[in-house]
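Peer 1: Supplied in structure tokens, the structure appears directly below.
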Amino acid sequence: MSKEENTYYKDRPSFGRKGPSKLRQQFNRGMTYFLVIVACILVYFAMLRVTAISDTVLKILSILKPVLYGCGIAYLLNPIVRTVDAYLVPVLEKHMKKEKAKTVSRCAGVILALVVLITIVTTLINMLIPELITSIRNLIFTLPAQINQLVKQMNHIQLDDSTMTTMLKNAMNEASTSLQNWMRTDLLNKVNEVMTHLTVGLYTLVMELFHAVIGVIVSVYILFGKETFINQSKKATYAIFPTERANLLIHIAVKTNEIFGGFIIGKIIDSIIIGILCFIGTSLLNMPYAMLVSVIVGVTNVIPFFGPYIGAIPSAVLIALADPMKGVYFLIFILLLQQFDGNILGPKILGNSTGLSAFWVIVSILLGGGLFGILGMLFGVPAFAVIYYIVKLFLDNQLEKKKLPTESECYNGDSYVDNDGTYFQKKDNMTENEEQKTEENKKEKEE
């Protein structure tokens, strides 16, 4: 039974179900009108109190933040637990009962996942915090001198005495002077403002860390009881919706998990590898701020398409302030690294996890980033991929009901559907070829 269910949910289900009786149709139509009216009234009153409703929702989300953290952590650690179960359960079943083997395997998987999580977090903190403090301190103390040196080097460049060159030199001198004055005056005021809010920021940081720790504890319970939660959700779905609708919802949920899991986990692994390669390359090239720059490149690489540019541009400027030529070398190195990532490493890890073309990836990133910021840019691609899949699923089912092909290539400029609903494809000599009608279509039309 389990095998049949898994096969069914992996395959594409059909929309709709067998038609009800005429009395049931009339009743359903009346209930539809009633529910539409009720929904309009509820939406009207909700719009009048949208501020209060949004405040309540935000308050609930703030209270449940540890649970949300726990769900996110459990989702990221679940592949480790699932892998341990896949390899360990068959071995343990040879020496103990099945239920006990599953329990022991799950404990081992959760412990291993927590060890991996703690190791990664501890390593990042030990590597990043000292490097970040050193980089910021060096930047503050050396930035004015680096800017002056850059301006002097540009002034020594032998250029013609044209008006444009003179204006460029004057603009650079004024920009340098303005920046140094801002650092001496306004920057100190800004620092004072930041220091006055340091207590609030420190309290917020402590609370977020507390929520994260509680989230780790919650994730343990989720990982131990994930099968129970899935079974309860599946049970509720079958209880609330008709069977056909329930199967469709479960199929979409399975596909959503497949898209999000494949994309997010793959992107994280890909970004970690890119960050490590960037650190190795910048260290071999003896570039300044190697660790800081590598972290920036690795983190921003999680964002598809625009991520490499978001991380590379400020990193190149930071390196160029210390050594302009190394800034140029860094841009060349990042360009080569991203070519390797986009053409070799990324496809190997991600494959075609989203099923979106480059055009729709750009659209989803722009739309998600415009609506929800950085998180929108990160989750916009898999979310749009799910919506794209649902729309494609619906369109394919509608075409199948009309006995028409579902492949997009079949609807080129040389094809059409006549008024009887019969699909035609023209030959290369632009003459209509009725023989290309499928035998199934003929039989269905005759019936």
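Peer 1: Pull out a ≥ b ≥ c, the square roots of the eigenvalues of the alpha-carbon gyration tensor of the stretch 239-377, then state rounded if a/c is under 1.5, prolate if not and a/b is larger than b/c, and oblate in the remaining case.
Peer 2: prolate
Peer 1: Just to verify a number: what accessible area does VAL206 come out at with the full protein assembly present, 1.4 Å probe, Å² rounded to tens?
Peer 2: Accessible surface of VAL206 is approximately 80 Å².
Peer 1: At 7 Å along the Cα-to-beta-carbon direction for both THR422 and LYS59, put a label point, then send me their distance in nm to one decimal.
Peer 2: Here the answer is 6.7 nm between the modelled labels.
Peer 1: Counting only heavy atoms of protein chains, what accessible area per residue, in Å², does the stretch 305-403 have with a probe of 1.4 Å? Working shown, then result.
Peer 2: Details: 5650 Å² over 99 residues.
Counting only protein heavy atoms, the per-residue value for the stretch 305-403 is 57 Å².
Peer 1: For the stretch 354-397, what is the Kirkwood estimate of the hydrodynamic radius, computed as the reciprocal of the mean inverse distance between distinct Cα atoms, to one decimal in Å?
Peer 2: On the way: mean 1/r = 0.0960 Å⁻¹.
Hydrodynamic radius (Kirkwood, Cα only) of the stretch 354-397 equals 10.4 Å.
Peer 1: So which trypsin sites (Lys or Arg not before Pro) in the stretch 29-97 pass both tests, a DSSP loop state and at most 14 other Cβ atoms within 10 Å of the Cβ?
Peer 2: Taking the stretch 29-97 and a limit of 14 other Cβ atoms within 10 Å, the loop trypsin sites (Lys or Arg not before Pro) found are ARG49, LYS94, LYS97.
Peer 1: Would you mind giving the average projected area, over all directions, of the Cα convex hull of the stretch 376-417 in nm² with one decimal? Each step should come with its number before you reach the end.
Peer 2: On the way: hull surface 15.0 nm².
Mean orientational projected area (the stretch 376-417, Cα hull): 3.8 nm².
Peer 1: Mind listing which GluC sites (Glu not before Pro) in the stretch 322-419 are in a DSSP loop and have 14 or fewer other Cβ atoms within 10 Å? Walk me through the numbers on the way to the answer.
Peer 2: Working: sites: GLU400, GLU407, GLU409; in loops: GLU407.
Those that pass, being in a loop and sparsely packed, are GLU407.
Peer 1: Report MET31's accessible area, 1.4 Å probe, all protein chains in place, as a number in Å² to the nearest 10.
Peer 2: Per-residue accessible area (MET31): approximately 70 Å².
Peer 1: A further question follows. For the stretch 197-319, restrict the atom set to alpha-carbon positions and state the Rg and Dmax in Å.
Peer 2: 21.4, 65
Peer 1: Okay, moving on. What is the gain in length, in nm to one decimal, between GLU400 and ASN257 on full extension, counting 0.36 nm per residue of separation less the C-alpha to C-alpha distance? If you can, show how the numbers build up before the last one.
Peer 2: Working: separation 143, 0.36 × 143 = 51.48 nm, distance 2.62 nm.
Full extension of this stretch gives 48.9 nm more.
Peer 1: Let's test the formula: R0 of 22 Å, r as the Cβ-Cβ distance of VAL299 and GLN339. What FRET efficiency results, to the nearest 0.05?
Peer 2: Working: r = 20 Å, r/R0 = 0.90.
Plugging the Cβ-Cβ distance into 1/(1 + (r/R0)^6) gives 0.65.
Peer 1: Still on this structure, please answer the following. Could I get the Rg over Rh figure for the stretch 45-92? Both from C-alpha atoms, Rh via Kirkwood, rounded to two places. All intermediate terms of the calculation are to be shown ahead of the outcome.
Peer 2: Working: Rg = 19.3 Å, Rh = 13.8 Å.
Ratio of gyration radius to Kirkwood radius for the stretch 45-92: 1.41.
Peer 1: Continuing with the same structure: Want the number for MET96 to PHE27: 0.36 nm per residue separation, take away the alpha-carbon distance, what's left? Provide the component values of the computation, followed by the final result.
Peer 2: On the way: separation 69, 0.36 × 69 = 24.84 nm, distance 5.68 nm.
Here the segment from MET96 to PHE27 would lengthen by 19.2 nm.
Peer 1: Sticking with this structure for a sec: Looking only at the stretch 202-229, which residues have a backbone nitrogen under 14 Å from a spot 7 Å from the Cα of ALA239 in the C-beta direction?
Peer 2: The answer is 229.
Peer 1: First measure r as the distance between the Cβ atoms of ASP323 and THR103, then evaluate 1/(1 + (r/R0)^6) with R0 = 60 Å and state the FRET efficiency to the nearest 0.05. Please report the intermediate quantities before stating the final value.
Peer 2: Numbers: r = 58 Å, r/R0 = 0.97.
That pair, ASP323 with THR103, gives E of 0.55.
Peer 1: Please compute one quarter of the surface area of the Cα convex hull for the stretch 319-381 and express it in square nanometres. Provide the component values of the computation, followed by the final result.
Peer 2: Details: hull surface 22.6 nm².
Directional mean of the projected Cα hull area for the stretch 319-381 stands at 5.7 nm².
Peer 1: Do any GluC sites (Glu not before Pro) in the stretch 201-254 lie in a loop, going by DSSP, with at most 11 other beta-carbon atoms within 10 Å of their beta carbon, and if so which? All intermediate terms of the calculation are to be shown ahead of the outcome.
Peer 2: Values: sites: GLU208, GLU227, GLU244; in loops: none.
Within the stretch 201-254, no GluC sites (Glu not before Pro) qualify (loop, at most 11 other Cβ atoms within 10 Å).
Peer 1: Ok, one more. Could you sort out which of LYS98/LYS348; LYS267/LYS392; LYS65/LYS267; LYS226/LYS267; LYS65/LYS100; LYS267/LYS401 sit more than 31 Å apart by Cα distance in this structure? Please list the in-between numbers first.
Peer 2: Details: LYS98/LYS348 36 Å; LYS267/LYS392 25 Å; LYS65/LYS267 24 Å; LYS226/LYS267 24 Å; LYS65/LYS100 33 Å; LYS267/LYS401 38 Å.
Pairs exceeding the cut-off: LYS98/LYS348; LYS65/LYS100; LYS267/LYS401.
Peer 1: Also, quick follow-up: Any chance you could run the full-extension gain for ALA52 through LEU375? It's 0.36 nm times the residue separation minus the Cα-Cα distance, nm to one decimal.
Peer 2: On the way: separation 323, 0.36 × 323 = 116.28 nm, distance 2.48 nm.
Length gained, ALA52 through LEU375: 113.8 nm.
Peer 1: Sticking with this structure for a sec: Give the calculated FRET efficiency between THR228 and SER178 to the nearest 0.05, with a Förster radius of 45 Å applied to their Cβ-Cβ distance.
Peer 2: The formula returns an efficiency of 0.10 here.
The values are calculated or read from the model by the stated rules, or taken from the named source; none is laboratory data. Keep in mind it's a predicted model, so treat the numbers as computed, not measured. Neighbour counts are summed over all protein chains in view; Cβ atoms, including those assigned to glycine, are modelled from backbone coordinates with ideal geometry. In case anyone asks, the SASA skips ligands and DNA or RNA and just uses the protein heavy atoms, side chains included. Shrake-Rupley method; radii C 1.70, N 1.55, O 1.52, S 1.80 Å.
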